[in-house]
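Rule-based calculations on the coordinates, nothing more; no lab input. Worth saying up front: this structure is predicted, and the values here are computed from it rather than measured. Here the Cβ positions follow ideal geometry from the backbone for every residue, glycine too, while neighbour counts run over all protein chains shown.
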Amino acid sequence: EGVWRLFKLGISAHEDPGKDFWGVSEPLLQEIAKVLEFPVASMLPPEAFKVVRKSFDARKLQKEPKFVYTVDMDVDRLLILEPRTWEFISELEPKVGVIERVPHGRSAGDLISIIRNYPKRNETAASTDVFGRTESYKFPNTRKPKVAVVGSGPSGLFASLVLAEFGADVTLIERGQAVEQRGRDIGALVVRRMLHLESNFCFGEGGAGTWSDGKLVTRIGKNNGSVMAVLETLVHFGAPSSILVDGKPHLGTDRLIPLLRNFRKHLQELGVTIRFGTRVDDLIVDVERVVGVKVSDSSCSSESSSQKLGYDAVILAVGHSARDTYQMLLSHNVDVVQKDFAVGLRIEHPQELINSIQYSGLAHEVQSGRGKIPVADYKVAEYVNRKDMVTPLNSGPIDRSCYSFCMCPGGQVVLTSTNPSELCINGMSFSRRSSRWANAAIVVTVSSKDFEALNFHGPLAGLEFQRAFERRAATMGGGNFIVPVQTVTDFLDGKISETNLPTSSYRLGVKAANLHDLFPAHLTAALQHSILLFDNELPGFVSKSALLHGVETRTSSPVQITRRSDTWESTSLKGLYPIGEGAGYAGGITSAAVDGMYAGFALAQNLGLYNGSM
Ligand code: FAD
């Protein structure tokens, strides 16, 4: 009885119906029969099986690229639809990693899907047992607890959702604009070089992840209940249900924007007050507890727009670019500590080259994202050691990890600066990933030793380190958001790319420069060495048509705002809940959303809105 999961069912790319088909095909049924050792595939009813994961695997080691499936078999359904399988099924044994029982029960992460589908509070009265409670919602006070959520990125949105569903009086405060206005502000940046300081690729509704590639992969792992809860919530707000099955789910900017509008509408229907264009400038602290925030209209520089708002708790979901907010926290002696992160360059290749490196003979099947197999991506990582270096340098520590990051197939390089004197970049794409270029950050890890080497000390040393390279990149580009570039071959040779620069997807213009002038020599050497190693793995990666863009600095937060693991409160200030990427507890859209969701549960519990276990 129950559900059994079948793993690693491989179908050759030629036989498979393709990347946009998520059902149970004839070849898949045959593969299922093989794994089950069931003699007659045609007897297996497709309706008894559900694809829970489908990935494309083009690893060089195998003879033929394959789609690899994970499939759930509903035994009860199978027996109803085809009773003759009974004798065979009754003898089936689990085999680790091949056939496993899907455990019963509910994880904490599933709760969010449950509350979403849960009848409205006024319809339920004293009936629910969803969280193991038998009474209606109990508030410690006669009024609803008031919570400010600062930042409407994935972490802030999910925290707001959970808290609002539990009945808190939530105000979501966002310095940037709603997606409609934000789209116009980003348009003005890309077309007229006008950087709106508070509404740009980092700030605004949906946070940094809105004008992004919308990759939803996370190291937490997709089998984790909380990740599935986040993905299901996104589907509820308009994401295609294929993200629940796709091994490398992604949305693309065009899908994220309507999704965010639906998310906003839902929050408003739950009673959440959303204040766009409103920046939190300060915390109001009374006897070592946050009791409110000072806000101002972010589009207005005058003091007169400043306002004080009182709250029972403040969730800080500000992302990694809120440098002024980090500074403000230090003025209240909030515990903020340095955190390792990574810096580097963004490499861009023609997408066709990456397709042919990854798929060789099958590359033509990609057809700008319209074809049978997905637009090719890559992920490379190496540990670089001083003793391996071709030209060892003595200028600084070399042993460190180098890896590709935030790879955007069929995407474009975009400007993620939040200040005109600083220049930093990232990548985004649309859902079809149909541009001519493939870009990815190539980064090296940096830590306090690197910050100290440049004389940056204290909790914000990493931030100063980022800023130093962003300023240098802006100067090397010559201003106006022009990005300094160098072909990868010239970067390896250390010479400026004088002529025949390959075209770039970056819309604000590029300028040939020696990117060796950007980072200290030991970081440049580590980047050079790792690029050579990546070429061993992906022959053709080092190419005259590959262009390196400077600079990629905001791979993750340079600090951690420490919090308690039991209550999720700041270790130094009661009532303050630092969450998401900016607090150093997440990296990427999905993990930030998961962090926000758990923070919502933790705070709901602390406020007495929820007494279930986490
Ligand atoms: P954020 O999304 O950064 O949100 C923080 C919000 O807080 C912002 O909207 C900001 O305006 C607001 N805020 C800051 N300070 C204040 C203040 N004082 N008052 C009021 N509001 C404030 N990740 C992926 O997983 N997949 C991808 O494909 C991907 N692509 C990316 C592409 C780009 C161009 C960028 C920039 C990032 C990308 N990322 C991607 C990273 C991802 O966007 C972040 O990891 C994620 O958004 C972090 O979520 P968050 O909620 O912690 O913070």
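Assorted remarks:
- Calculated from backbone phi, Karplus (6.51, -1.76, 1.60) coupling profile of segment 234-244 in Hz, x at Gly/Pro: 5, 5, 4, 8, x, 6, x, 5, 4, 5, 6
- Charge dipole of segment 533-575 about the Cα centre (unit charges at C-beta), most positive-ward option of Gly540, Ser565, Gly550: Ser565
- Each part gets one Cα centre, and for segment 245-294 versus segment 432-469 those centres are 26 Å apart.
- With a cut-off of 14 Å on the backbone N, the residues of segment 581-608 near the modelled label site 7 Å out from Asp566 along Cα-Cβ are 606.
- Segment 565-614 and segment 25-55 have Cα centres lying 42 Å from one another.
- Straight-line cross-link reach from Lys144 at under 27 Å between alpha-carbon atoms covers these lysines, not counting any fewer than eight positions away in the same chain: Lys120, Lys265, Lys294, Lys308, Lys574.
- For segment 94-100, putting each phi into the Karplus relation 6.51 cos²θ - 1.76 cosθ + 1.60 with θ = phi - 60° gives couplings of x, 10, 4, x, 10, 10, 9 Hz, in residue order, rounded to whole numbers and with x for Gly and Pro.
- Taking the Cα centre of the chain as reference, the dipole from Cβ charges on Lys and Arg (+1) and Asp and Glu (-1) amounts to some 860 debye.
- Beta bridge orientation in segment 341-552: antiparallel %, DSSP, nearest 5: 90
- For Lys574, nonlocal amide neighbours, meaning residues 5 or more places apart or on other chains whose placed amide H falls under 5 Å from its own, are Val290.
- Per-residue packing, averaged as other Cβ atoms within 10 Å, sorts the ranges 420-432, 497-509, 76-88 into the order 420-432, 497-509, 76-88, beginning with the highest.
- Of the beta bridges in the chain, as assigned by DSSP with both residues counted there, near 75 percent are antiparallel.
- Cα gyration tensor, the chain - rounded (a/c under 1.5), prolate or oblate: oblate
- Considering helices alone, the calculated mean residue ellipticity of the chain at 222 nm is -8000 deg cm²/dmol, with DSSP H runs of length four and up weighted by -39500 (n - 2.57) and normalised per residue.
- Residue-by-residue Karplus 3J(HN,Hα) for segment 155-169, coefficients 6.51, -1.76, 1.60, Hz, glycine and proline x: 5, x, 5, 6, 5, 4, 4, 5, 5, 5, 5, 7, x, 6, 8
- Hull volume in cubic angstrom per residue (convex hull over the Cα atoms of segment 154-232): 105
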